[in-house]
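Comments concern the structure below.
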Amino acid sequence: MAEHADHTAQPSTHPAYPVGLRLAGRRVVVLGGGQVAQRRLPALIAAGAEITLISPSATPSVDVMAETGEITWIKRRYEEGDLADAWYVLVATTDAATNAAASAEAERSRTWCVRSDDAEAATAWTPATGRSEGVTVAVLTGHDPRRSAAVRDAIVEGLRDGSIAAPQRRARTPFVALVGGGPGDPDLITVRGRRLLTEADVVIADRLGPRDLLDELPPHVEVIDAAKIPYGRFMAQEAINNALIEHAKAGRSVVRLKGGDPFVFGRGMEEAQALAAEGIACTVVPGISSSISVPGAAGIPVTHRGVAHEFTVVSGHVAPEDPRSLVDWASLAKLTGTLVILMGVDKIGKIAEALIAHGKAPETPLALVQEGTTAAQRRVDATLATVAETVRTQEVRPPAVIVIGDVVAEGPDRLLS
């Protein structure tokens, strides 16, 4: 902070001294309820500050923060004395005179003050900040906020994807995580899922998981192909469960990397239950389900105004006439929305016959999207009446997502043709 008020308007050649403010339970005043306040308030709320907003108006988002009690909103303009007892002030009104008066009050009361309109007249600057698993990155580059944001983004992304090595020096608690890897493109795994991969000692991976991510793992990580676990007297899923339990009890950090989402036909709950039975807690990291993302990548919206107000996701791994099937195909045939079938390529002929038999129009459009979101993605179109022959002649192979319904004809390429 400057020693005298008349120093604040003078540009300084000295660099800012970086410091982290602990504002929990302390009074913070924000002047102005516009876009600047809307961007800055969430971080102040997360810091636990007691926030008073003084502004005659506010954006709808800021209004919601007041309605929910996250901030206190005084609906008027700034007045002398409003900054009393404040630890930190954000001045962000559109009136230069108001900003100058508030800044002067903050200077007199020795209160750190950020000004959105004139950084040189402020006693504090707001860095570009980002967070990654307990690490806060704050970047100041003087008067170039875009560069600050770019540097911050590069550092945070590096921490998240492991490209910036930042090993923890303190003892780390082992963990077990069921991670949804998304539909196949390695860029579509969640940030949390990617970070947990970089912290794992053991990764048990499915065939349909994003395989390219495995090449990025550190050399000490043991990667186990779930399809090649020796089953012995166990069924495949039991063997996977036992592998998770074995490595967890050995004190290792274990990631079970699955395609799509762990709980969308991924048998993730079976694994969570097996771990719980052994007293082992696990974290579930949701993934982008192929039931939505793969059609989208192929230009097919699963819902579309005036066309489909619903979509239903069905497992096609058993045929309709199979006694193990839990699907009510007769009811599905009556729905007017979109039907998405996973794991159904080899059964699609029987599925189409069942839908037609229960009243679905044979000319209903259908698309099969093979290897969705990957470099090998291809889309094959058909109808319920022709799909069995199309799969045979076009040699469609799993994995493929099948989309049935009028939305198939609604992609941008169809609109331009």
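The values are calculated or read from the model by the stated rules, or taken from the named source; none is laboratory data. Since the model is a prediction, treat every value here as computed from it, not as a measurement. Note: ideal-geometry Cβ built from the backbone for every residue, glycine included; neighbour counts use all protein chains shown. The accessibility values were calculated without ligands, DNA or RNA, using every heavy atom of the protein model including side chains. Shrake-Rupley method; radii C 1.70, N 1.55, O 1.52, S 1.80 Å.
Quick notes on this one:
- Per-residue SASA entry for Leu217, accessible area with 1.4 Å probe, Å² rounded to 10: 30
- Peptides ranked, highest mean first, by Cβ atoms within 10 Å: ranges 267-276, 284-293, 182-191: 284-293, 182-191, 267-276
- Charge tally in the Cβ shell below 14 Å around Ala47, where Lys, Arg are +1 and Asp, Glu are -1, Ala47 excluded: +3
- Candidates Asp144, Asp381, Asp201: whichever shows maximal mean-square fluctuation once the chain is modelled as a Gaussian network with Cα springs under 10 Å: Asp144
- Antiparallel DSSP beta bridges within the chain, percent to nearest 5: 35
- Taking Cβ atoms as reference points and 13 Å as the exclusive limit, the residues near Leu178 contribute a net charge of 0, counting Lys and Arg as +1 and Asp and Glu as -1.
- Ignoring aspartates and glutamates fewer than eight residues from Lys347 along the same chain, the ones with Cα atoms less than 18 angstrom from its Cα are Glu321, Asp322, Asp328, Glu371, Asp381, Glu389, Glu395.
- When the Cα positions of Asn99, Val407, Pro320 are compared along the charge dipole of the chain, Pro320 comes out farthest toward the positive end, with charges on each C-beta of Lys, Arg, Asp and Glu.
- Build a GNM of the chain with springs between Cα atoms under 10 Å apart, and of Arg194, Arg131, Arg324 the one that fluctuates most is Arg324.
- Residues Met65, Met343, sorted by accessible area with the largest first, give Met343, Met65 [1.4 Å probe; ligands and nucleic acids excluded].
- For the chain, the relative contact order works out to 10 percent when only alpha carbon pairs closer than 8 Å and six or more residues apart are counted.
- With 0.36 nm allotted per residue and the present C-alpha distance subtracted, the Glu79-Thr283 stretch has 68.4 nm of extension available.
- Candidates Leu90, Leu368, Leu178: whichever shows maximal mean-square fluctuation once the chain is modelled as a Gaussian network with Cα springs under 10 Å: Leu90
- Accessible area per residue, Å², the chain with all protein chains present, probe 1.4 Å: 54
- Eligible aspartates and glutamates near Lys228 by straight Cα distance, threshold 14 Å, same-chain separation 8 or greater: Asp206, Glu238
- For Phe311, distant residues with modelled amide H under 5 Å away: Thr338
- Taking trypsin sites (Lys or Arg not before Pro) across the stretch 45-82, the ones in a DSSP loop with at most 12 further Cβ atoms lying within 10 angstrom of their Cβ are Lys75, Arg76.
- Taking 16 Å as the straight-line reach from the Cα of Lys350, the lysines in range (excluding those fewer than 8 positions away in the same chain) are Lys360.
- As a rough guide to protection, the peptides 52-59, 19-26 ranked by mean Cβ packing within 10 Å, highest first, stand as 52-59, 19-26.
- Around Ile288: net Lys/Arg minus Asp/Glu count, Cβ-Cβ under 13 Å: 0
- Percent carbon-and-sulfur accessible area, the chain, ignoring ligands, DNA and RNA, probe 1.4 Å: 53
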